[in-house]
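**Q** I'd like to ask you about the structure that follows.
The values are calculated or read from the model by the stated rules, or taken from the named source; none is laboratory data. Fair warning: this is a prediction, and the values are worked out from it, not measured in the lab. FYI the Cβ positions are ideal-geometry reconstructions off the backbone, even for glycines, and counts take in every protein chain you see.
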Amino acid sequence: MQDKNAIPILRSVLEDKTQDPIVRHEAGEALGAIGDPDLKMLLEKYQHDPAVEVAETCQIALQRLHWVANKGSEDTNLSKSRYESVDPAPPSIEDNVEKLQQTMMDETKPLFDRYRAMFSLRNLGTTESINALGQGFKASSALFRHEVAFIFGQMQDERSVPYLKQTLEDVTEHEMVRHEAAEALGSIATDECAEVLKKYLNDPRPVVRESCEVALDMSEYENSPEFQYANTLLTVQS
């Protein structure tokens with residue numbers, strides 16, 4: 001929404017260390033998406049938070065604020081997103097899949113630059129770019145891996161299912177990542193996705209089992225006659 005009226009509650013959530021790091025991460029990401037330069041001091045305060053997911057989120061959000069303040073002629077060369085989302089980082093100007101994958105997986109580079117490569121791969125939407133994104137699940141950062149799963153959910157492409165399935169089935173994986181993998185499978189909404197999700201409805205981690213429950217509801221809706229009718233209507237109107 002990018003509504004500045006949300007800043008006070010988002011600030012309070014980010015500052016509340018009794019909140020789950022996943023919730024604080026979302027608050028930090030939302031503040032970065034709002035893009036108010038006055039948030040710089042707040043985000044700097046939490047860029048070294050003990051919860052690594054929160055710290056990394058605030059680092060990326062800070063770099064987004066810097067990019068928003070300094071963006072120039074480069075904008076015209078950026079690939080366009082078909083998802084109408086406010087992403088944590090803009091896509092890069094690179095469109096070579098191999099180079100983008102190299103940047104994405106280079107852990108010596110800032111997360112912001114690696115996110116830019118990730119969103120460029122999303123925008124390409126080819127088999128090669130999807131396979132490159134799938135390699136992102138090998139990154140050391142749970143935040144980074146969760147963003148790969150989120151992107152696959154945006155794309156709703158069946159070619160990503162093997163990567164998402166493997167991620168959800170890995171009980172040693174961070175719950176933030178498994179949660180996003182579950183929701184992505186729900187948005188893709190194939191029979192195979194539904195079968196995988198049903199297996200984890202009683203997962204010991206609440207965020208995982210609740211995500212599977214929501215994802216199955218999403219899947220049911222995606223396959224409902226009302227949704228198919230709405231899609232057809234949109235296609236006809238466009």
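**Q** Within the stretch 106-123, does at least one residue satisfy the condition of being farther than 27 Å from GLN47 by Cβ, assigned by the TED database to the domain that holds VAL196 and more than 13 Å from the chain's Cα centre (by Cα)?
**A** Yes, the conditions are met somewhere in the stretch 106-123.
**Q** Can you pull out every residue in the stretch 160-175 that is charged (D, E, K, R) and either surrounded by fewer than 17 Cβ atoms within 10 Å (Cβ to Cβ) or closer than 16 Å to ILE22 by Cβ (or both)?
**A** Of everything in the stretch 160-175, those that are charged (D, E, K, R) and either surrounded by fewer than 17 Cβ atoms within 10 Å (Cβ to Cβ) or closer than 16 Å to ILE22 by Cβ (or both) turn out to be GLU169, ASP170, GLU173, GLU175.
**Q** May I ask you to say which residue of VAL207, VAL196 is farther than 26 Å from PHE112 by Cα and in contact (Cβ under 8 Å) with a residue 60 or more places away in the chain?
**A** Matching residue, one of VAL207, VAL196: VAL207.
**Q** Looking only at residues that are over 14 Å from the mean Cα position of the chain (by Cα) and either over 14 Å from ALA215 (Cβ atoms) or among the small types (Gly, Ala, Ser) (or both) in the stretch 176-201, which one is surrounded by the fewest Cβ atoms within 10 Å (Cβ to Cβ)?
**A** Ranking the candidates gives ALA194 first.
**Q** Right, here's the next one. Just the residues that are polar (S, T, N, Q) and either assigned to a helix (DSSP H, G or I) or over 14 Å from the mean Cα position of the chain (by Cα) (or both), please, taken from the stretch 136-175.
**A** Scanning the stretch 136-175 gives SER140, GLN154, SER160, GLN166, THR167, THR172.
**Q** Condition (residue is among the charged types (D, E, K, R) and within 16 Å of GLU29 (Cβ to Cβ)) applied to the stretch 91-104: is it met by at least one residue?
**A** Checked the stretch 91-104: no residue is among the charged types (D, E, K, R) and within 16 Å of GLU29 (Cβ to Cβ).
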